[in-house]
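Asks: My questions will all concern the structure given below.
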Amino acid sequence: MDAIVKNFPGAGTQNGAANPRPTQAEAEEAVRILLRWAGDNPDREGLLDTPKRVAKSYRELFSGYELDANDVLGTTFEEVGGYDDIILVRDIPFYSHCEHHMVPITGKAHVAYLPAGRVLGLSKIARVVEIYGRRLQTQETMTAQIAQAIDSKLKPRGVAVMIDAEHMCMSMRGVQKQGSTTLTTSFSGTFKTEPAQQARFMSMVYNR
Ligand SMILES: [Zn+2]
């Protein structure tokens, strides 16, 4: 079991030494308990390997805990030959889980910034969205985290982030509002101080 845990760099350190990561066997046992809690029998044939699969899929679904956005953004930036206007990456799909019910959030992120002399590789923006998506989240926190990561590392003139997402905890349970989506935004720098830049960001996101 230890070998499995050791395959993940930083395993057990996310929550500090006082709260080390449980073993694979402990995680599987927890899934067995939830299967019984749901009303099923974890010993029936179709469910025998389910705890193992769930424990394994959690490593992927929550892999964002192993990763640091600062590392992904790196220290090298590209020169842009005088380009100084908005750079927008829109429709970045992501899958996350709400921290209140641990059910999926699915949506799209739109991330823009106004460069101050240097730019990020475009794929790095999508990677940052993925890192924060693959954790337990609220949409509000995730929106702010993406903006702050880019702002603090790149130090552009401004960052704008919009997330448009559906929360399965609303669609599948509770009030059951299928198809309703939640919009959140985070603006910094010029996007915060100049309404015209905010408006340009919005129109670039929505005008197709
Ligand atoms: Zn929820």
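The values are calculated or read from the model by the stated rules, or taken from the named source; none is laboratory data. Everything numeric here is computed off the predicted structure, so don't read it as measured data. For neighbour counting, all protein chains shown are included, and Cβ atoms are generated from backbone atoms with ideal geometry for every residue, glycine included. To get the accessible areas, we keep the full protein, side chains included, count just its heavy atoms, and leave off ligands, DNA and RNA. Shrake-Rupley method; radii C 1.70, N 1.55, O 1.52, S 1.80 Å.
Asks: How much area per residue is accessible in the chain when the probe is 1.4 Å and only protein heavy atoms are counted (Å²)? Show your work: numbers first, answer last.
Replies: On the way: 11900 Å² over 208 residues.
Ligands and nucleic acids excluded, the figure is 57 Å² per residue.
Asks: If you average 1/r over all unlike Cα pairs in the chain and invert the result, what Kirkwood radius do you get in angstrom?
Replies: Working: mean 1/r = 0.0524 Å⁻¹.
Computed over the chain, the radius equals 19.1 Å.
Asks: Give the ranking of R127, R53 by solvent-accessible surface, highest area first, calculated with a 1.4 Å probe.
Replies: On the way: R127 90, R53 140 Å².
Most to least solvent-accessible, the answer reads R53, R127.
Asks: Can you send over the solvent-accessible area of E26, 1.4 Å probe, protein chains only, in Å² to the nearest 10?
Replies: 110 Å²
Asks: So how much accessible area does I92 have, in Å² to the nearest 10, using a 1.4 Å probe?
Replies: My reading of the accessible area for I92 is about 10 Å².
Asks: Of all accessible surface on segment 95-151 at a 1.4 Å probe, what whole percent is carbon and sulfur? The partial results should precede the final answer.
Replies: Values: 1140 of 2180 Å².
Using a 1.4 Å probe with all protein chains present, segment 95-151 comes out at 52 percent carbon and sulfur.
Asks: Moving to a separate point now. Going from most exposed to least, what order do R208, R90, R36 have by accessible area with a 1.4 Å probe?
Replies: Details: R208 170, R90 90, R36 150 Å².
Result of the area sort, largest leading: R208, R36, R90.
Asks: Find out how many positive minus negative residues lie around Y65, taking Lys and Arg as positive, Asp and Glu as negative, among other residues whose Cβ is under 11 Å from that of Y65.
Replies: Charge balance in the 11 Å sphere: +2.
Asks: Rounded to the nearest 500, what is the 222 nm mean residue ellipticity of the chain from helices alone, with -39500 (n - 2.57) per DSSP H run of 4+ residues and division by all residues? Before the final figure, lay out each step's value.
Replies: Numbers: 9 runs with 85 residues, N = 208.
Rounded to the nearest 500, the figure is -11500 deg cm²/dmol.
Asks: Turning to a different aspect of this structure: Could you please state, rounded to a whole Å, how far the C-alpha centre of segment 43-85 is from the C-alpha centre of segment 88-135?
Replies: So the separation of the two Cα centres works out to 11 Å.
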